[in-house]
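Chemist: Please see the structure below; I have some questions.
The values are calculated or read from the model by the stated rules, or taken from the named source; none is laboratory data. Remember, predicted model here, so these are calculated numbers, not experimental data. Note that each Cβ is placed from the backbone with ideal geometry, even for glycine, and that neighbours are counted across all protein chains shown.
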Amino acid sequence: MIRHPKRFWTLAAGVSALAGYVDAIGFLKLGGLFVSFMSGNSTRLGVGIARDPAVAVAAAGLVAAFVGGVVGGTLVTTAARTRRKPAALACVAVLLAIAAGVDGRWPESATTALLAAAMGAANTTFQRGGEVSVGVTYMTGTLVKLGQRLAAAIRGGSRWAWLPYLALWGGLVAGAGIGATLYPRIGTAGIAAAAGAAALLTVYAALLGPVDPYAADG
């Protein structure tokens, strides 16, 4: 994350907070599965194959939807070139808006699949050399880097290089707390609020300026 220009750090924390918010909604709707944490879903898939086929099917569907979102987001951001970040977030906003529109009208699996696809697309916001460089929905790698930067600071390295990773993790936790608080109270409006937040992040990303389509960092 620290290899990205500092102007993008706040955006990364904001997208992570959105991911935590949406994942909390998905978790509450699904009762133990996730729309952004695919490591957890993969474990549930394996356990489900052995013990509960219905859970395995649900987990597999979420993983497929997430990967589909990554594919779609990658195609869109590749075409967007210098506007990759707002393009990715626009995809997220559209998918979340559709999820809000179908929630309660279509089967719940349709809503959660759209949420998972949106989270897949969110992970294409930050790329370097055609690969995802900041995973905004999964925090294991972020916490590893946080620990490494803290160790480097103890050894006399950069004193504050760990802060962006803490902000990324903290954003996800804070977003999850807000989602868990709001969704039981306002239901579908909570998903619509997520779409609105994604739209605001799209505007913010656009205001941060374009990236060099040929740069290693973008």
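Chemist: Anything in region 83-106 that is part of a loop (DSSP other than H, G, I, E, B), at negative phi and either of a type outside the set (Lys, Arg) or surrounded by 18 or more Cβ atoms within 10 Å (Cβ to Cβ) (or both)? List them, or say none.
Modeler: The initial filter retains those residues of region 83-106 that are part of a loop (DSSP other than H, G, I, E, B), namely 103-106.
In the following step, the residues that additionally are at negative phi were identified as 103, 105-106.
Asp103, Trp106, listed by residue number.
Chemist: Let me ask something additional. For the structure I just gave you, tell me whether Gly147 is small (Gly, Ala, Ser), out of contact with any helix residue (DSSP H, G or I) (no Cβ under 7 Å at 6 or more places or on another chain) and in contact (Cβ under 8 Å) with a residue 24 or more places away in the chain.
Modeler: On the way: small (Gly, Ala, Ser): yes; out of contact with any helix residue (DSSP H, G or I) (no Cβ under 7 Å at 6 or more places or on another chain): yes; in contact (Cβ under 8 Å) with a residue 24 or more places away in the chain: no.
No: the conditions fail for Gly147.
Chemist: Right, next: Pull out all pairs, ordered by first then second residue, where Cβ-Cβ is under 9 Å, the residues are six or more apart or on different chains, the first lies in region 120-132 and is over 18 Å from Ser39 (Cα atoms) and free of Cβ contacts under 8 Å to residues at least 60 places away in the same chain, and the second is hydroxyl-bearing (Ser, Thr, Tyr) and surrounded by 14 or more Cβ atoms within 10 Å (Cβ to Cβ).
Modeler: Gly130/Thr74; Gly130/Thr78
Chemist: Something else about it: Tell me whether region 50-62 contains one or more residues that are without any contact (Cβ under 8 Å) to a residue 12 or more places away in the chain, outside any helix (DSSP H, G or I) and more than 17 Å from Thr125 (Cα to Cα).
Modeler: The answer is yes; a qualifying residue exists.
Chemist: Looking for something assigned to a loop (DSSP other than H, G, I, E, B) and over 19 Å from the mean Cα position of the chain (by Cα) - is there at least one such residue anywhere in region 22-37?
Modeler: Step one: filter region 22-37 for residues assigned to a loop (DSSP other than H, G, I, E, B), giving 31-37.
Subsequent filtering for residues that are over 19 Å from the mean Cα position of the chain (by Cα) retains 31.
Within region 22-37, one or more residues are assigned to a loop (DSSP other than H, G, I, E, B) and over 19 Å from the mean Cα position of the chain (by Cα).
Chemist: Does Thr188 count as more than 24 Å from Leu28 (Cα to Cα) and touching a helix residue (DSSP H, G or I) at 6+ places or on another chain (Cβ under 7 Å)? Step through it out loud before you land on a result.
Modeler: On the way: more than 24 Å from Leu28 (Cα to Cα): no; touching a helix residue (DSSP H, G or I) at 6+ places or on another chain (Cβ under 7 Å): yes.
Taking the combined requirement at face value, the residue does not satisfy it.
Chemist: Now, a different point. All but one of (1) over 18 Å from Leu168 (Cβ atoms); (2) of a type in the set (A, V, I, L, M); (3) touching a Gly at 6+ places or on another chain (Cβ under 6 Å) hold for Ile98; which doesn't?
Modeler: The number of the failed condition is (3).
Chemist: Residue by residue through region 59-84, note down the ones that are within 18 Å of Val22 (Cβ to Cβ) and either at pLDDT below 95 or among the β-branched types (Val, Ile, Thr) (or both).
Modeler: Of all residues in region 59-84, those within 18 Å of Val22 (Cβ to Cβ) come to 59, 61-70, 72-73.
The answer is Val63, Val67, Val70.
Chemist: In region 7-24, how many residues are aromatic (Phe, Trp, Tyr) and out of contact with any Pro (no Cβ under 7 Å at 6 or more places or on another chain)? Quick ask: steps written out before the conclusion?
Modeler: Of all residues in region 7-24, those aromatic (Phe, Trp, Tyr) come to 8-9, 21.
Filter once more, keeping what is out of contact with any Pro (no Cβ under 7 Å at 6 or more places or on another chain): 8, 21.
Final tally of qualifying residues: 2.
Chemist: Further question on the same structure: Return yes or no: is Arg44 at pLDDT 95 or above and among the basic types (Lys, Arg)?
Modeler: Working: at pLDDT 95 or above: yes; among the basic types (Lys, Arg): yes.
Yes, satisfied.
Chemist: For region 47-58, how many residues meet the condition of being touching a Gly at 6+ places or on another chain (Cβ under 7 Å) and either modelled with pLDDT under 95 or β-branched (Val, Ile, Thr) (or both)? Step through it out loud before you land on a result.
Modeler: Kept after step one, since they are touching a Gly at 6+ places or on another chain (Cβ under 7 Å), are these residues of region 47-58: 55-56.
Going one step further and asking which of them are either modelled with pLDDT under 95 or β-branched (Val, Ile, Thr) (or both), we end up with 55.
Result for region 47-58: 1.
Chemist: Could you grab me the full set of residues in region 62-82 that are under 22 Å from Ala205 (Cα atoms) and surrounded by fewer than 16 Cβ atoms within 10 Å (Cβ to Cβ)?
Modeler: Residues of region 62-82 under 22 Å from Ala205 (Cα atoms): 69-82.
Once the filter is applied, which keeps residues that are under 22 Å from Ala205 (Cα atoms) and surrounded by fewer than 16 Cβ atoms within 10 Å (Cβ to Cβ), region 62-82 yields Val71, Leu75, Thr78, Ala79, Arg81, Thr82.
Chemist: Which fully enclosed helices (runs of 4 or more DSSP H) of region 117-218 have 3 or more residues being crowded, with 18+ Cβ neighbours inside 10 Å and touching a Leu at 6+ places or on another chain (Cβ under 8 Å)?
Modeler: Details: elements: 140-154, 163-186, 188-207.
Fully inside region 117-218 and qualifying: 163-186, 188-207.
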